[in-house]
Amino acid sequence: MGRTDRIAEPWGTRTPYGPGEEWPVRVDSFLADGLTPQDVDRWVQSATILHSNGDGLDIAVKDEQIVGVRGRAVDRVNHGRLGPKDLYGWQANSSPDRLTKPLIRRNGELVETDWETAMSAVANRTKELLAERGPSSIAFYTTGQLFLEEYYTLGLIAHGGIGTSHVDGNTRLCTATAAAALKESFASDGQPGSYTDIDHADVICLYGHNMAETQTVLWSRILDRLSGPNPPKVICVDPRQTPVADSATIHLAPRPGTNVMLMNALLHEILEQDWVDHDYIDAHAVGFDELEKMLKDYSTERAAEVCGVPAEQLREAARLIGTSERLMSTVLQGFYQSHQATAAAVQVNNIHIVRGMLGKPGCGVLQMNGQPTAQNTREAGADGDLAGFRNWSNDSHVKDLAKVWNIDPMDIPHYTAPTHAMQIMRYVEDGSVRFLYVSATNPAVSMPELARMRSILSQDRLFLVVQDIFLSETAQLADVVLPAATWGEKTGTFTNVDRTVHLSEKAVDPPGEARSDLDIFVDYARRLDLRDKDGEPLVKWTTPEQAFEGWKECSRGRPCDYTGITYDKLRGGSGIQWPCNDEHPDGTERIYVDGKFWSDPEYCESYGRDLVTGAPVSPTEYKALNPQGKAVLKAAEYLPPHELPSEDYPFQLITGRTLYHFHTRTKTGRAPQLQAAAPDVWVEASAVDAAEHGWQEGDVLRVTTPRGEVTARLRISGIREGSLFLPFHYGYWDTSGGDHPTDSGRAANELTLTDWDPASKQPIFKTAAAAATRVEASQGRAAPAPTTTASRPVDPASVPPTTGGDAALAEEQIQTEEVAR
Amino acid sequence: MSGSSAPRRPSRGTRIGMAIEELHRSENDLAGALLNLSDQQKANHEIFYVARDVARWSQEHVRRLAEIGRDHDLELDPEPEDETALLSRLKQKTSELTGRFHEPGLLLLADLRHLHRVAAGVSLDWEVLAQTAQAMRDVELLELAEDCHPQTLRQMRWANAQVKETAAQIMVTG
């Protein structure tokens, strides 16, 4: 057993392994100061909630308080490991500023009230608007951080009870493109890959995916392969010098906004060299001719020019991909939040289809998720989808859903796709939506163009309900604030990107009068007196387990089939991968085995969209294109980004994440070790740009776009020349402004533009033109950016290293074979 | 070919020329309609950007029609027509200011309806040109039609999809 500073060493100690071998177990744990495992009263099973990896863990409880966490050695996802956010983030649960009582706005001020008053106000305003303006004046904006049972209940209330199509999650900002790309290629959500593909792959490609910071445990798995025998080759596509780039065989750093050009060039080369599995394509795919035709114009030389990447690097990357035997690919925000998001992500799927690399060990695609429960938002229909991956433009699916819910099919709005978050905000802006119920998310910091967002959310004519655990920037603008319980204080399930379902049990009571999100939604449904067609309550459950059983029926026969899972089955062992049913009682490690897809026109979740215009493909068109339910090779043309650098705004601004924080820091900013590791906003520029402008490390820069300004200290990092980077985590709740900037802004989204990918409707956070000027010299102070990550300084001597000291020492227990015996 | 007393009928070759000329005009109109829609809808961000993206298709068609027109003794301007930048900025500003009101939704529906009609006209023009090219075995012209016409159909489907997406909100809740 060793003790490691996991702030200084985010990925912990290496446990090397070779291809096809089992990833060794290493159990990570962290307990409150001075406590040992002997002091713990009980361990309560759960999984990680501050990123999307879905690592199994146990929560330590002493004297009815959470006092620590320990990774679960038996879990298939993490084999005992935890990341820094998991080890330290739990401390936020007991922050003194948790919301403990409902709040209501009286004479312009939020004041404490009781549940009865708060919930009556919420329900009464809903009823008034339903009577006056109809269901389309009501909208719900939820998250990727609640539990499956809660999303399913919310989706049922909104779609089935109130009858509004305005329901979406903040998953729109992080993983809408993952779902959209899968729907384009396979006509259904659901990840072809499994985390165990890392154990087998000989080439691993990470497209716009800084896995080292966003999924630290998954990255540990790759690091362990890299330090073992016969390591895989790694290809990294990222404009920053990330830890992934440091470990890559080839690092392609394209100009922001040119991903489709890059992908088309890779595919062009793969086809040109005929690294193509023609038998697989003939048997299992449609659209090859169109793809081939489209790719003719995308030579590596042209892409080299447009993307600003050497042609020989592109050819070498294509060669590695084209000659690999077990190819694994992952995709994240570098593609999803950039220009032409879906079109670019789909080309990754296309590579796997043309190479016939699906459904076999080592041959997976993971269109990654950004949040822990994003998959459930999508499955349960609490975003712009119908529950159970049902197809809104297939009448028989709507009928089937109405049967499950025991309501009339006409009660489910399906005249068009459920409204996406950006459009919901537009409807709030134009006044046609007058009631917005926000749960567990913070649009006043996370949405693009914050000045616009604040003005939308603070309108008098809007009734804003915010259900959260802290008084976030958004909650400060609300008419009613509902205090919620969080992870560890309530029970429910959630599912990660490789379809692994975990149970997260209640360990302690929530603070004060805070209630679980499920309880609040059920109360809301009761107050609205929502009924099914027999006059029975529409929401037929009150407990999480009952809700889960209800969801299982809804999922029956659909791709995300949960019918073989019970709470009991999830207790004690590892998480289980869906589909899990009579046919696959232990779950399913890989889908799309033997080229079988869920894309039959009668069964599929989606007929797809035009990648440029976003117009939905009609059922007739889809049936003509893909009558036999194969994979769809969808070609995409490159379009220049919508906002290009100019004389006034010469830089390209990308926003993003750091390893130590999650979302708008509501939790990680309240965990001392994490907050100290990345205490404030910074801006990154390349050494070349810094030299040209005479900037030094730590200088205070003002970064501007036509939307606003942010002031931050400069970190000279390994970012691509001509690009600036700002982390998006920093808002105003821990500043004097509270919900808004006082003088200069700190939130990156002050600067971003309101524009989204027409196919996935995901906002574009990584392609804005910006200017930067120095407003103050560093005076010897460094930027408050971590040195362990992509924000590492190009000159290591210029900045003291990021460490956590004694307060961050965590246990690591590597299970050797001897111990195992 | 025809007698001096009979009215002059255009030769088959000239009719192709007319078809090309007509398309050159109607594609210019379509690009204009898209850019106009974009300027009117600054506050509807998806429409603002997508209309601009797909207007490029029509502008490219204009360029290619002018190019192929030369083989048919036509002198067509390869540069697509453009509105004056000033007028465009003025419209954008107005549209931002009215973005807080719902009534402009009705204008949006009217604009989309107009766009759909213009695109449908262009689509039919391409049908005519493609059929003619086929009959006359003009491979180059047929290829042009096969390249361009699908994009016209996508422009049309987009207008249709936008109507479908927004109509209920505008008509019921507005």
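Here are a few things to note about the model shown:
- Peptide ranges B:152-162, A:437-447, A:99-109, A:556-566 listed from the most packed, as the mean C-beta count within 10 angstrom indicates: A:437-447, B:152-162, A:556-566, A:99-109
- Protection-proxy order for peptides A:785-793, A:615-623, each taking the mean of Cβ atoms within 10 Å per residue, highest first: A:785-793, A:615-623
- Options A:W219, A:Q241, A:I204, ranked by Cα towards positive dipole end of the range A:160-266, top entry (Cβ charges): A:Q241
- A Cα-only calculation for the range A:570-662 places Rg and Dmax at 21.2, 63 Å.
- Beta bridge orientation in the protein assembly as shown: antiparallel %, DSSP, nearest 5: 55 percent
- Within 10 Å of the Cβ of each residue in B:160-173, the mean number of Cβ atoms contributed by other protein chains is 6.
- Amide H contacts of A:E776 (H built 1.01 Å from N, under 5 Å, at least 5 apart or other chain): A:V700
- Other-chain or far-sequence residues with amide H under 5 Å of A:L386's (modelled H): A:W392
- Solvent-accessible area, 1.4 Å probe, carbon plus sulfur percent, for the protein assembly as shown: 49 percent
- Subset of A:K233/A:K360; A:K540/A:K667; A:K506/A:K569; A:K62/A:K85; A:K761/B:K164 violating a 27 Å alpha-carbon distance limit: A:K540/A:K667
- With all protein chains kept in place, the per residue accessible area of the range A:333-482 amounts to 18 square angstrom at a probe of 1.4 angstrom.
- Peptide A:429-435, shielding by other chains (average Cβ, 10 Å cutoff): 5
- Rounded, prolate or oblate (a/c below 1.5 giving rounded, otherwise prolate when a/b exceeds b/c) for the range A:651-790 by Cα gyration tensor: rounded
- Accessible area (Å², per residue) of the range A:651-790, counting only protein heavy atoms and a probe of 1.4 Å: 27 Å²
- Taken residue by residue and averaged, Cβ atoms of other chains lying within 10 Å of the Cβ of A:754-766 number 2.
- Options A:Q673, A:I654, A:A712, ranked by Cα towards positive dipole end of the range A:651-790, top entry (Cβ charges): A:Q673
- The accessible area of A:E132, taken with all protein chains in place and a 1.4 Å probe, comes to roughly 120 Å².
- The peptide list A:461-474, A:310-323, put in order of mean Cβ contacts within 10 Å with the highest first, becomes A:461-474, A:310-323.
- DSSP-defined beta bridges in the range A:651-790 - what % are antiparallel, rounded to 5: 60 percent
- Given charges at beta-carbon only (K, R positive; D, E negative), |dipole| of chain A in Debye: 480 debye
- Centroid-to-centroid, using Cα positions, the range B:143-174 and the range A:802-817 are 57 Å apart.
- Cα centroids of the range A:438-509 and the range B:38-55: 31 Å apart.
- Listed cross-link partners A:K630/A:K766; A:K552/A:K634; A:K101/A:K490 are compared with a 23 Å cut-off, the Cα-Cα value being larger for A:K630/A:K766; A:K552/A:K634.
- Total formal charge among the other residues, if their Cβ is under 12 angstrom from that of A:H584, Lys/Arg +1 and Asp/Glu -1: -3
- For A:T493, distant residues with modelled amide H under 5 Å away: A:L148, A:E149, A:S504
- Cα extents of the protein assembly as shown along the three principal axes, largest first (Å): 113, 65, 65
- Projecting the Cα atoms of A:T441, A:V40, A:N581 onto the charge dipole of chain A (Cβ charges, centred on the Cα centre) puts A:T441 farthest toward the positive pole.
- Summed side-chain charge close to A:E473 - residues other than A:E473 whose Cβ falls under 14 Å, Lys, Arg +1, Asp, Glu -1: -2
- Note, ³J(HN,Hα) from phi for the range A:563-572, Karplus 6.51, -1.76, 1.60, rounded to Hz, x at Gly and Pro: 4, x, 9, 10, 4, 4, 5, 7, 7, x
- All aspartates and glutamates inside 13 Å of A:K127 as judged from Cα atoms, apart from same-chain residues fewer than 8 positions distant: A:D529
- Chain A against chain B buries an accessible area of about 2700 Å², both chains summed, 1.4 Å probe radius.
- Centroid-to-centroid separation of the range A:5-40 and the range A:70-119 [C-alpha atoms, Å]: 25 Å
The values are calculated or read from the model by the stated rules, or taken from the named source; none is laboratory data. Bear in mind the structure is a predicted one, so any value in this text is a computation, not a measurement. Neighbour counts are summed over all protein chains in view; Cβ atoms, including those assigned to glycine, are modelled from backbone coordinates with ideal geometry. Heads up: the accessible areas ignore ligands, DNA and RNA and are worked out on the full protein's heavy atoms, side chains in. Shrake-Rupley method; radii C 1.70, N 1.55, O 1.52, S 1.80 Å.
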